[in-house]
Amino acid sequence: MSLYSEKVMDHFRNPRNVGVIEDADGVGEVGNAKCGDIMKMYIKVRDGILVDVKFETFGCGSAIASSSMATEMIKGKPISEALTLTNKAVAEALDGLPAYKMHCSVLAEQAVQAAILDYYKKNNIPYDGSQFKCEHCAHDGEEE
């Protein structure tokens, strides 16, 4: 039996939405110093909808698969819905990750939140800091 599900392997071998959005409305970059994974998420927003999402990930197969799945899960969705994306939902959509790779799905959740927070800040959009769970977002997240 494989350590990784077929979905993890598929998203690793054939990642969706890889690349850069040159004129992105929001960019979030997060990393895990322990494992060395770095994720950069780009979002394009029109009328509160994530019309395009792309990512660049330097990391293991689980990190790439988590990034790919997260973009698939939020593309075309309202920002409010994208903010509810959890690492558990990403891992479940991938049919599970080994326990020692769950941090990869956490990075995907954090990268999405960081990109949305960047969008809010660039556009002076008031936001509720309690919506953001990522560590580097949380201490930023005062009501503006």
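The values are calculated or read from the model by the stated rules, or taken from the named source; none is laboratory data. Worth saying up front: this structure is predicted, and the values here are computed from it rather than measured. Methodologically, a virtual Cβ is constructed for each residue, glycine included, from the backbone with ideal geometry; neighbour enumeration extends over all protein chains shown.
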*Selection from the stretch 42-95 of residues that are outside any helix (DSSP H, G or I), under 17 Å from Tyr127 (Cα atoms) and free of Cβ contacts under 8 Å to residues at least 12 places away in the same chain*: Asp47, Thr84
*Of the residues that sit in the stretch 1-23 and are of a type in the set (Gly, Ala, Ser) and without any contact (Cβ under 8 Å) to a residue 60 or more places away in the chain, which one is surrounded by the fewest Cβ atoms within 10 Å (Cβ to Cβ)?*
Ser2
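Within the stretch 96-110, track down each residue that is in a helix (DSSP H, G or I) and in contact with a helix residue (DSSP H, G or I) (Cβ under 7 Å, 6 or more places away or on another chain). Before the answer, list the steps.
Of all residues in the stretch 96-110, those in a helix (DSSP H, G or I) come to 99-110.
Selection gives Lys101, Met102, Cys104, Ser105, Val106, Leu107, Ala108, Glu109.
Determine whether Gly31 is out of contact with any Gly (no Cβ under 8 Å at 6 or more places or on another chain) and at pLDDT below 95. If you could, list the steps in order and put the result at the bottom.
Working: out of contact with any Gly (no Cβ under 8 Å at 6 or more places or on another chain): yes; at pLDDT below 95: yes.
For Gly31, the condition - out of contact with any Gly (no Cβ under 8 Å at 6 or more places or on another chain) and at pLDDT below 95 - is met.
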*Which one is surrounded by the fewest Cβ atoms within 10 Å (Cβ to Cβ), of the residues in the stretch 73-88 that are among the charged types (D, E, K, R) and touching a helix residue (DSSP H, G or I) at 6+ places or on another chain (Cβ under 8 Å)?*
Lys88
